[in-house]
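The values are calculated or read from the model by the stated rules, or taken from the named source; none is laboratory data. Owing to the predicted nature of the structure, the values given are computational and were not obtained by experimental measurement. Neighbour counts are summed over all protein chains in view; Cβ atoms, including those assigned to glycine, are modelled from backbone coordinates with ideal geometry.
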């Protein structure tokens, strides 16, 4: 029996198989919703959570592997959202061109922030990115306080994108980006980033270029955040900057909290943390009358969870899962040894 299970367990250890399984489950949720088994609001909330998960993947690489702190995530999301609006709504261009423009602008922005990070580190870097984020937010508010994309203007390869289409689009981009980053962190580039995080002086002594890998990590994090803003406009299609918290410090802190809760060095852990911060609230807690009347309790619970994780499990839920796995394997090994001795 064990021999039959080994190939499956070995397959599930591969990032590609894990991502494929997740995509199948998420697609199943959409199919159940289309069949009337699950409410459409659940799928809408799941799509929204996946957008934040995309942003968290880039932040996980930035914080967990490069060791760089940033509080400018919300501003970078705003860049993608406004590019989506002006490209698709004002100019009537298709999604693919808006995607290309978002990547190009966020690449430039990431390079600028990456160069600044060469001279500023630690909390000062976080404060600098926060100031940049607030500057971007106020600039975007001055350009247009409310942006909205009509469903008829959403076109992918000439075909209008429906609500179901936007969900699958988000899911597909999430899967591709997750696979790219999973392969990146297992490559020499990922090991170089970890070395830079552990000790910049030791990394330089080994010939690792701080400029190269800091630029790369900030570029990836910025591009992923801007893509999150682009997909937010495709999915939600409207945003009022004056009332929405999307471009405020709250979003940056929530992304940071999700990565810390899930585990800064685990992509799946960071995704799980985002589901705790955003998914549970939008899918379940928001439908409970007590939390509808007392939304501050959700923030309090999240804050307490972050405190507990930082105090007792610095590696987040990924550390908890790893320790449980090690205990289980140790227990099975002892059982085999006892059976062999008997």
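Residue by residue, here is whether (1) touching a helix residue (DSSP H, G or I) at 6+ places or on another chain (Cβ under 6 Å); (2) without any contact (Cβ under 8 Å) to a residue 40 or more places away in the chain; (3) at negative phi holds:
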position	(1), (2), (3)
197	no, no, yes
208	yes, yes, yes
211	no, no, yes
219	yes, no, yes
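Being outside any helix (DSSP H, G or I) and either at pLDDT 90 or above or buried (at least 18 other Cβ atoms within 10 Å of the Cβ) (or both) holds for only one residue in 71, 25, 62, and it is 71. Could you please let me know if residue 264 is under 14 Å from the mean Cα position of the chain (by Cα) and outside any helix (DSSP H, G or I)? Criteria met by residue 264.
Just one residue in the set 118, 62, 38 is over 20 Å from the mean Cα position of the chain (by Cα) and closer than 27 Å to residue 276 by Cβ; that residue is 38. None of 240, 189 is modelled with pLDDT under 90 and surrounded by fewer than 19 Cβ atoms within 10 Å (Cβ to Cβ) except 240. Residues considered: 247, 216, 230. Of these, the only one that is over 11 Å from the mean Cα position of the chain (by Cα) and in a loop (DSSP other than H, G, I, E, B) is 247.
For region 76-119, taking the residues that are part of a loop (DSSP other than H, G, I, E, B) and free of Cβ contacts under 8 Å to residues at least 24 places away in the same chain, the one that is nearest to residue 249 (Cα to Cα) is identified as 119.
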